[in-house]
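For reference, the structure discussed in these notes is given below.
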Amino acid sequence: RCGNANPNPTWRDYTFREGDFIKAVGDGRYRMERIPVENDVEYLFLEGVYYTWKASGDDAWMASMLDHAIKAVKYACSDEYRWSEKFKLLKRGFTIDTWDFLHHDDGEFTKGDNCVDLEKTTFGVMHGDNTGLAVGCEYLAEMLRVAGRDSEAETYDTLGKDIRQRLYDVAWNGEFFTHHVSEDPSFKRDSGSTNMERQVSLSNAYDLNRNIDHDKCVEIIKTYQRIREEMPDSSPGEFYQIYPPFEKGFGGHNGKWHYMNGGVGTIVAGELAHGAFEHGFESYGFDILKRVKGWGDKYNSFIPVALRGCAPDNPSRSFEKLDLVPYVNVDTHGSGDPDNGIKGWTDEGDNDFHMIPTGEQELLDIPFDIIDPAANNRKAVIGLAYRQEGYADSVDIAVNKKAKSLYVLHTCAGGGLVGHMHVQYADGSDLTQYINAGNEINSWFLPAHEWHSGKKWAPNARLAWQGANKVFDSLGVYAWGWNNPNPNKEITSISFVKEATPAKWFIFSITMSDQAVLFPSSDISYGIPDCWGAGAVVYAAIEGVAGVKDTGRGMDKVTIAPRWAASDSKEAKVTVKLPSSRGYAHYTWKETDSGVAMQVTANAADKICSLLMPDGKTASALTVNGESQTISTQNIECSQYVNVHLPQVGVYDIAISF
């Protein structure tokens with residue numbers, strides 16, 4: 001992390017000071033911070049240099065970074081905070097995979113949640129750190145060779161392979177990489193009933209794309225398919241940050257089934273899909289991306305980085321709807337019925353609320369009765385306004401029932417203090433609840449899905465329905481839930497009283513319940529920037545689905561392996577460009593009953609086209625630009641690819657007959 005120097009000390013100044021994890025730079029105007037517990041910085045630096053070079057094709061810039069990259073590797077493989085002399089692998093404190101918060105039992109021995117102590121922390125090996133460094137060393141070796149430093153390249157190629165093999169020996173359990181292998185297995189953490197030996201953590205999906213053995217990739221993919229079969233019915237997918245989650249040891253935004261502790265995320269989904277495309281599970285890769293697209297469809301073309309991994313268990317509830325027909329006095333249509341003294345909605349003509357559905361409606365899992373003005377002499381809602389003709393100052397509703405809670409479906413025009421609800425009990429006691437815009441209610445015009453009063457989000461109110469009229473596209477009504485502090489007392493009546501303010505108050509429906517207020521929980525969990533996970537999904541789409549992979553730099557060598565044959569698509573048109581280097585690849589692909597046709601062009605002189613055959617189909621003939629070619633095939637699990645080498649720049653027409 002880096003940023004402007006803060007003139008006021010923060011908690012990091014005290015907790016990161018030991019170990020020299022804060023450095024002032026730029027004559028003290030800026031500072032750089034290293035999260036002490038993390039051990040991914042060095043391999044991410046290698047990855048950043050490598051992919052910047054790949055995208056730009058700038059050999060000179062890349063060569064200028066190599067000594068820094070070597071220094072990063074040497075530090076990671078020797079520093080007492082980073083390197084396990086016991087395992088000859090990278091180490092870290094006990095966190096959930098690559099993230100930076102400690103298990104509660106480990107945090108007791110450090111100065112902060114993100115910290116480690118050389119004497120008190122029980123370190124261990126997390127596989128993702130090590131697969132990242134192993135492939136990073138191989139990236140470094142590739143760059144060293146291009147820079148003419150072949151002897152050094154051999155050193156880092158060997159180091160990468162050695163780290164990977166030692167990790168296999170230490171952490172591979174035959175199905176996936178064990179989440180954390182402790183240097184001191186005698187130190188026991190209290191994680192409740194969680195079997196930590198069987199937890200599948202998110203870096204297993206990353207590992208698929210870091211040059212680990214194909215057979216291990218197959219087992220990891222099958223592990224996620226197994227999770228899909230056993231995960232909770234309410235789960236949005238098997239793409240867990242860790243599964244099963246910790247019962248104890250993490251809290252807050254990492255409570256069970258949230259964020260890193262059992263949340264379901266696009267980072268895992270994207271990396272898993274990419275690995276599935278690469279290792280012979282193409283249909284599974286498409287299935288993953290289709291389900292992620294479903295998230296986007298649900299959330300208005302927005303894909304959250306993390307969803308709740310399991311819906312909460314909600315109590316069964318019963319409801320009773322109050323009859324408001326005797327009390328309503330205002331129309332939802334703008335016209336109203338002036339001849340009979342019935343006000344139209346806010347007296348603004350077509351800017352009204354006539355579009356709300358009527359009759360029995362279930363909103364936010366709560367049943368409401370919404371009155372149809374056409375069936376009730378143009379009266380549909382209780383309209384309250386202070387001393388305004390056609391509106392009521394107050395309304396008294398007979399109840400004579402017990403309830404633990406009630407839900408009021410209402411909205412307002414104007415802000416501030418709207419009114420109050422007065423509850424009268426059979427024993428003569430009573431209470432008053434004030435209704436404020438931005439807390440128990442909000443405006444019908446341009447409604448907010450969530451709103452807040454001060455610094456706290458309103459806990460017992462939600463936008464229940466949203467629609468449009470002829471004038472505006474966004475209008476809304478809200479459900480406010482009130483918990484009765486005296487559920488054993490009979491409520492004789494409820495009064496809604498308008499305060500002496502300009503706001504108008506409209507009440508559509510009231511429903512009572514035998515349980516406390518409960519609204520549907522959001523499926524969206526907490527987390528990191530959404531673009532982090534979106535990047536993984538795009539990675540799977542470009543290299544996995546479209547199959548375009550830069551095997552040189554600046555796309556001077558490419559592999560084009562379209563996998564549309566595993567989808568429902570019969571035609572595709574793909575263009576991939578790298579503006580920094582002007583590298584590009586373009587193709588069209590079409591499948592018919594008799595074969596596959598593809599037209600390809602790219603700036604690369606060296607191109608390999610690897611065409612996935614549809615299930616049950618075998619290539620009987622191959623032509624390139626009309627000339628017959630020998631068929632060369634490659635099998636990956638149950639998938640067969642036809643490989644075609646295109647050695648020169650140009651446009652190529654490839655035809656495969658079944």
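Taking segment 236-329, which chymotrypsin sites (Phe, Trp or Tyr not before Pro) meet the DSSP loop condition and have no more than 15 other C-beta atoms within 10 Å?
Y299, F302
What is the Cα centroid distance between segment 537-561 and segment 367-405, reported in whole angstrom?
Centre-to-centre (Cα) distance: 62 Å.
Using a probe radius of 1.4 Å on heavy atoms only, what accessible surface per residue do you get for segment 96-226? Whole Å² is fine.
The answer is 38 Å² per residue.
What lysines sit close enough to K91 to cross-link, taking a C-alpha to C-alpha distance under 25 Å and skipping anything fewer than 8 places away on the same chain?
K23, K71, K74, K111, K120, K161, K188, K216, K248
Once you have the Cα-Cα distance between V538 and E197, take 0.36 nm times their residue separation minus that, and quote the gain in nm to one decimal.
119.6 nm
Straight distance only, please: which lysines reach the Cα of K573 with their own Cα at less than 29 Å, same-chain residues fewer than 8 apart left out?
K54, K290, K293, K298, K549, K557, K590, K607, K617
Would you list which lysines come within 28 Å of K343, measuring only between C-alpha atoms, while excluding same-chain residues fewer than 8 positions from it?
Partners found: K321, K379, K470, K498, K504.
Exposed loop GluC sites (Glu not before Pro) only (DSSP loop, at most 11 other Cβ atoms within 10 Å): please give the longest stretch of the chain free of them, not including the sites.
Answer from the scan: 120-388.
Which of rounded, prolate or oblate describes segment 237-282 when judged by the alpha-carbon gyration tensor and an a/c cut-off of 1.5?
prolate
Name the residue from G112, G359, S495 whose Cα lies farthest towards the positive end of the charge dipole of the chain, charges +1 on Cβ of Lys and Arg and -1 on Cβ of Asp and Glu.
Working it through, the farthest residue towards the positive pole turns out to be G112.
How far is it, in nm, from the label point at T52 to the one at D67 when both lie 7 Å from their Cα along the line to the Cβ?
Going by the 7 Å Cα→Cβ label model, 1.7 nm.
For the chain, which whole percent of the accessible surface, found with a 1.4 angstrom probe, sits on carbon and sulfur atoms?
48
So for the pair E320, E571, with labels modelled 7 Å out along Cα→Cβ, what separation do we get in nm?
Spacing of the two 7 Å Cα→Cβ label points: 6.3 nm.
Run the numbers for K86 and D297: contour at 0.36 nm per residue of separation, minus the present Cα-Cα distance, in nm.
71.1 nm
N173 versus F445, label points 7 Å from Cα toward the beta carbon: distance in nm?
Placing both labels 7 Å along Cα→Cβ, they lie 6.0 nm apart.
May I ask you to compute the full-extension gain from K23 to D615, defined as 0.36 nm times their residue separation minus their alpha-carbon distance, rounded to one decimal in nm?
This chain segment gains 207.4 nm when fully extended.
As a test of reading the structure, rank S594, S56 by solvent-accessible area (1.4 Å probe, protein chains only), most first.
S594, S56
Kyte-Doolittle mean at least -1.0 and Cα extent at least 15 Å along the axis: which DSSP H helices of the chain qualify?
Long hydrophobic helices here: 41-56, 59-76, 127-146, 266-278, 282-298.
Accessible area per residue for segment 304-448 in Å², computed with a 1.4 Å probe and the full protein assembly in place, what is it?
I get 44 Å² per residue for segment 304-448.
So how much accessible area does D215 have, in Å² to the nearest 10, using a 1.4 Å probe?
That residue has around 90 Å² of solvent-accessible surface.
Just read off the accessible area of I608 with the full protein assembly in place, 1.4 Å probe, to the nearest 10 Å².
Here the residue's solvent-accessible area equals roughly 60 Å².
Please list, by residue number, every one of the trypsin sites (Lys or Arg not before Pro) in segment 511-601 that is coil in DSSP and has at most 15 other beta-carbon atoms within 10 Å.
Here the sparse-neighbourhood loop sites are K570, R582.
Label 7 Å along Cα→Cβ of T501; segment 459-476 residues with amide nitrogen under 19 Å?
459-463, 476
The values are calculated or read from the model by the stated rules, or taken from the named source; none is laboratory data. If you're wondering where the values come from, they're calculated on a predicted model, not measured in any experiment. Cβ: placed from backbone, ideal geometry, glycine included. Neighbour counts: every protein chain shown. SASA here: full protein model, heavy atoms, side chains in, ligands and nucleic acids out. Shrake-Rupley method; radii C 1.70, N 1.55, O 1.52, S 1.80 Å.
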